[in-house]
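Have a look at the structure below, then the notes.
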Amino acid sequence: MSIVTLLPLTENYTKKKAGAASLAVFDSIIYSKYKNIILGNTDLKDYLSRNYININFKKKFFFSSNNTAYLNKIFYKLKFIQFDILEVYNRPEFVHFFLKKKIKQKIILHIINDPLNLRGSKTIRDRISLIKNCHIVFISKWTKKRFFTGLKDKNIKKFKIIPPGCVKPNKFPIKKKYVVFAGKLNNSKGFDVFGDSIVDFLDNYKDWKCLVIGDEPREKHIFNHPRLIFKGWLSQKQTLLHFSYSSICVVPSRWEEPFGRVSMEAAAFGCANIISNRGGLPETCKFKIVLKELNKSNLLSKLSYLAKNKKKCFDLQKKSYKFHKNTPQLSVQLLDRFRQSILLY
């Protein structure tokens, strides 16, 4: 079996800027038994793997016209590639494009965001067309539930829930008194609430420090403290290293997270997770503290509780590490089985 994977135009399949889709595809390259060619667009050169083909074209001011140019370039490229399955990541509108072009190969759509906010799957009519004409992999139960809003889930053979995986360390890592936040530093990720809370927390607990991993050029939130350390955007490998010695990870998202890779990875590396109850976040780890309300007093209370109760914090860390079962190998094994099944469908 041969597969072509198509990434969104905005995705960087690179070591420094890899997003959720790129990381999932990279896992598939490592652990899948099938040949895969990846198509995407980036201005960077540090590609995650050699089987990546960069689609270059002259971008215009209007994003929709860029998508059209991108897809036309892809369609031309596919004429010279032999493949059995086209996998499209997080762009239902791309699937509709290829359906109109009447390509012969099977199509798998990977949905890693809220499908009701993606062009090409917002309406019931769009989603019915996708159900009839392609197979779909959902990143979480929550994204599948959203997709079937107003519809009935009848043909289970055409759909599969496959969350991403993370390889946990061979041994439980040595923990230090660090709180970590990783992600975009904006209101959607709850960074405003986190910043207000962590400054007071660090004032109250003199032997604790905080790491902030990520950036956000479109929003500015200024929080200052001698033990509040901003690391900027880091690679996944560097981020996991910081998870390994951090005691607490906070994922206080305000928006409906489709899954929440940060909390899944933090749990795999033995962090005690404090998360908001949004979207698919609760699916990411079995043991966690869930914020019933996202506000400063509530988050500060949970942080203080774990700092004061070392036994409870350690118990949460050990259970998160011990019961983490989602590995990349398992995720890709499930995906390969699904790929095989659709060729027989």
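The values are calculated or read from the model by the stated rules, or taken from the named source; none is laboratory data. Remember, predicted model here, so these are calculated numbers, not experimental data. Neighbour counts run over all protein chains shown; Cβ positions are idealised from the backbone, glycine included.
Name every residue in segment 258-276 that is closer than 14 Å to Val290 by Cα and modelled with pLDDT under 95, in order of residue number.
Gly260
Whether any residue in segment 170-179 is in a loop (DSSP other than H, G, I, E, B) and free of Cβ contacts under 8 Å to residues at least 24 places away in the same chain is what I want to check.
Yes: one or more hits.
Hey, can you tell me all the residues within segment 199-230 that are out of contact with any helix residue (DSSP H, G or I) (no Cβ under 7 Å at 6 or more places or on another chain), modelled with pLDDT of 95 or more and charged (D, E, K, R)?
Asp203, Lys206, Asp207, Lys209
Residues in segment 292-304: is at least one part of a helix (DSSP H, G or I) and touching a Pro at 6+ places or on another chain (Cβ under 7 Å)?
Yes.
Out of all the residues in segment 109-123, which are on the phi < 0 side of the Ramachandran plot and of a type outside the set (Ser, Thr, Tyr)?
Correct list: Leu109, His110, Ile111, Ile112, Asn113, Asp114, Pro115, Leu116, Asn117, Leu118, Arg119, Lys122.
Tell me, please, whether a residue that is within 29 Å of Ser32 (Cβ to Cβ) and surrounded by fewer than 22 Cβ atoms within 10 Å (Cβ to Cβ) can be found in segment 293-308.
no
For segment 264-278, which residues satisfy the criterion of being of a type outside the set (Gly, Ala, Ser), surrounded by 24 or more Cβ atoms within 10 Å (Cβ to Cβ) and over 13 Å from Gln317 (Cα atoms)?
Hit for segment 264-278 is Ile275, nothing else.
Somewhere in segment 44-58, is a residue loosely packed, with under 12 Cβ neighbours inside 10 Å and under 26 Å from Arg261 (Cα atoms)?
Within segment 44-58, one or more residues are loosely packed, with under 12 Cβ neighbours inside 10 Å and under 26 Å from Arg261 (Cα atoms).
Pick from segment 176-205 the residues that are of a type in the set (Phe, Trp, Tyr) and in contact with a strand residue (DSSP E or B) (Cβ under 9 Å, 6 or more places away or on another chain): which of them is surrounded by the fewest Cβ atoms within 10 Å (Cβ to Cβ)?
Taking the candidates together, the pick is Tyr178.
In contact with a strand residue (DSSP E or B) (Cβ under 9 Å, 6 or more places away or on another chain) and assigned to a loop (DSSP other than H, G, I, E, B), is that true of Leu86?
no
Give the residue, chosen from Arg261, Arg254, that is surrounded by fewer than 17 Cβ atoms within 10 Å (Cβ to Cβ) and farther than 24 Å from Trp208 by Cβ.
Of Arg261, Arg254, the one residue that is surrounded by fewer than 17 Cβ atoms within 10 Å (Cβ to Cβ) and farther than 24 Å from Trp208 by Cβ is Arg254.
So, Arg91, is that one basic (Lys, Arg), buried (at least 20 other Cβ atoms within 10 Å of the Cβ) and in contact (Cβ under 8 Å) with a residue 60 or more places away in the chain or not?
In short, yes.
Kindly check whether there is at least one residue in segment 315-328 that is without any contact (Cβ under 8 Å) to a residue 24 or more places away in the chain, closer than 30 Å to Ser2 by Cα and not in a loop (DSSP other than H, G, I, E, B).
Among the residues of segment 315-328, not one is without any contact (Cβ under 8 Å) to a residue 24 or more places away in the chain, closer than 30 Å to Ser2 by Cα and not in a loop (DSSP other than H, G, I, E, B), which makes the answer no.
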